[in-house]
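The values are calculated or read from the model by the stated rules, or taken from the named source; none is laboratory data. Source: prediction; values computed, not measured. Cβ placement follows ideal geometry from the backbone for every residue including glycine, while neighbour counts extend to all protein chains displayed. Quick note on the areas: whole protein, heavy atoms, side chains included, nothing else; ligands and nucleic acids left out. Shrake-Rupley method; radii C 1.70, N 1.55, O 1.52, S 1.80 Å.
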Amino acid sequence: MDPLIEEEYIMEPDTETSVLDSIWSAGPVLLGSTLLVVYIGFKWFQRQKANSDIDEATKNPDLYLARMEAIQRTREKQQRELEEASRKKKEEDIEKEKRKRAENLAKLEKYGSKGGQKVGHPSDGEYLPLCGGSSSSSYKAPKRSACAKGGCGK
């Protein structure tokens, strides 16, 4: 070859993609297919376990019945505990309501018929200017409107 041609020879970039570039570009596909394989494997495992339970029940029915009876007893025990807790809670609520009624009756007896009357009512004859009594000022602030600053065209 000619030396001039060798000096002018410029290396062209490699057009072949590397393995890492291929994996990087196919990442979503690989991730999706991996998740699909895991899901199918999980479903297969569940089906195999269910089939083995059915096979176990047919091979040894006494053991299966004993296990089902134990499960039933446990469920009945949990139901009894739930009903007992519910009954206790209902009794506590009834007691709380009785105590509240007794407190309200005690307040009614203590304060008499004035329980719902406002303090400083005009019939008391006390001077309470903030309650709007007879001796309070009759000043009322003017209403605010958009025309107050002269923007209505009047």
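Tabulated data
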| quantity | calculated |
| --- | --- |
| Karplus-derived HN-Hα couplings along the range 85-94 (A = 6.51, B = -1.76, C = 1.60, θ = phi - 60°), whole Hz, x at Gly and Pro | 5, 5, 5, 4, 5, 5, 5, 4, 5, 5 |
| Protein accessible area in the range 19-109, 1.4 Å probe - carbon and sulfur % | 61 percent |
| Sites ASP21 and ALA50 - FRET efficiency at Förster radius 35 Å, r taken between beta-carbons, to 0.05 | 0.20 |
| Whether the range 19-109 is rounded, prolate or oblate, judged on the alpha carbon gyration tensor where a/c under 1.5 counts as rounded | oblate |
| Total lysine pairs whose alpha carbons fall under 30 Å of each other in the range 19-109 (8 or more apart, or interchain) | 20 |
